Amino acid sequence: MSKKLRVLKPNEIKVKKEIKEKPSASSSLNKMTLIVDAHHHNEAFVRSTVAAFCVPLNPSIEEINDIKTAVSEAVTNCAVHGYEGRGGEIRVECVIDTASNFVHITVSDRGIGIDNIDEAIQPLFTTKPHFERSGMGFTVMQSFMDKLEVKSEKGKGTTIELFKSIANL
Amino acid sequence: MNIKYQVANKVLHIYLNGELSEGTAQNTRSSLDNLIDSNNMVSVVFHLNGLSFMDSTGIGVLIGRYKKLKQRMTDVYVKEPTPQVEKIFRATGLFDIMPKIS
């Protein structure tokens, strides 16, 4: 009897824990990649998963909440603005370094891209005021993380990079 | 998001329990609008000690309700935000329009 192939539902989540080129149990670097559909249920999943992945850095509750909040903003941006609610794939890469207590998160979509990044990151700027968007997403990411980088190409997509040092007290 | 409410002395107390972000924004918005539209009050107090997480999408939902209530001359206050919610209120200046009361 032939074994049936399992067809993934559109909203199913693929989790892949990547193996580094030279896997070493003693390396201070650890990397994870999540690929999820831009479905509103996945935002909570991604922020919780990234926060859990950062636990080896011994973050404080405040630092964990900072990471969750910034990731939530980035993932919401992909779904609401990048894909404009039509769905698509969101890729989240997370690298932690337990030697330098550092976390680097990359969130990218292949959506419509941003016209003017300088304008987009201004507090209160939003292209969708009629949907009650606050225009504070980038402001929140900037104030909750140490550094934010935004790269975008019209029609190709947007990549947001978030950086944070963990105090590890 | 679990929402409970009570009206006392013309004050509508709304208790938000859960997370307010993209996944819960739409339901929260319509529940809050139902509450606001079906009650007569002079002010609204959001009790936030059960709100474990909020992001800028949640800010948008609260500002939307604030604008609606302001048109009816109804004041809006918040009470007991959790540390994460307190931080996002501060980062976005939301306490300026929805003062925190004890």
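Values in this text are rule-based calculations from the coordinates and carry no lab data. Quantities reported herein were computed from a predicted structural model and do not represent experimental measurements. Cβ atoms come from the backbone with ideal geometry, glycine included; neighbour counts cover every protein chain shown.
Inter-chain neighbour count for A:70-76: the average number of beta-carbon atoms from partner chains within 10 Å of each residue's beta-carbon is 4. Of the Cα atoms belonging to the stretch B:2-101, the radius of gyration and Dmax stand at 12.2, 34 Å.
As an exercise, use a Förster radius of 22 Å and the Cβ-Cβ distance of A:ASP146 and A:GLN122 to find the FRET efficiency, rounded to the nearest 0.05.
0.65
Coupling constants for the stretch A:91-106 follow from the phi torsions by the Karplus curve (6.51 cos²θ - 1.76 cosθ + 1.60, θ = phi - 60°), and in residue order they are 10, 10, 10, 10, 10, 10, 10, 6, 7, 9, 6, 10, 10, 10, 10, 10 Hz; glycine and proline get x.
Any idea how far apart A:ALA167 and B:ASN34 come out in nm if each label point goes 7 Å out from Cα toward Cβ? Those two pseudo-labels are separated by 4.3 nm.
Look at A:ASP97, A:ASP115 and count the other Cβ atoms within 10 Å of each Cβ; fewest to most, that gives A:ASP115, A:ASP97. Look at B:MET98, B:MET73 and count the other Cβ atoms within 10 Å of each Cβ; fewest to most, that gives B:MET73, B:MET98. Legend: distances between Cα atoms for B:LYS4/B:LYS100; A:LYS128/A:LYS154; A:LYS68/B:LYS4; A:LYS31/A:LYS164; B:LYS10/B:LYS100; pairs beyond 23 Å are A:LYS68/B:LYS4. Classify chain A as rounded, prolate or oblate from the Cα gyration tensor: take a ≥ b ≥ c as the square roots of its eigenvalues, call it rounded if a/c is under 1.5, otherwise prolate when a/b beats b/c and oblate if not. It is oblate, given that a/c is not under 1.5 and a/b is not larger than b/c.
Shielding value for B:20-31 is 4, the average number of Cβ atoms from other chains within 10 Å of each residue's Cβ.
Placing +1 on the Cβ of every Lys and Arg and -1 on the Cβ of every Asp and Glu, with no other charges, gives the protein assembly as shown a dipole of roughly 740 debye about its Cα centre.
Other chains' Cβ within 10 Å of A:125-132 residues: what's the mean?
On the way: counts 0, 2, 0, 1, 1, 0, 4, 11.
If you average over the peptide's residues, the count of other-chain Cβ atoms is 2.
Seen from A:ALA70, the other residues with C-beta closer than 13 Å to its C-beta sum to a net charge of -4, counting Lys and Arg as +1 and Asp and Glu as -1.
Think of each Lys and Arg Cβ as +1 and each Asp and Glu Cβ as -1; about the Cα centre, that makes the dipole of the stretch A:86-169 roughly 220 debye. Just to confirm a number: summing +1 for Lys and Arg and -1 for Asp and Glu over residues other than B:VAL45 whose beta-carbon lies under 14 angstrom from that of B:VAL45, what do you get? Charge balance near B:VAL45 sits at +3. Sequence-ordered 3J(HN,Hα) estimates for the stretch A:131-144 from the Karplus curve with 6.51, -1.76 and 1.60 and θ = phi - 60° stand at 9, 6, 7, 7, x, 10, x, 5, 4, 5, 4, 5, 7, 9 Hz, glycine and proline given as x.
Simple spin-label estimate for A:THR98 and A:LYS154 gives 4.7 nm between the two label positions (7 Å along the Cα-to-Cβ direction from each Cα). Ordered by the count of other Cβ atoms within 10 Å of each Cβ, fewest first, A:SER28, B:SER21 give A:SER28, B:SER21.
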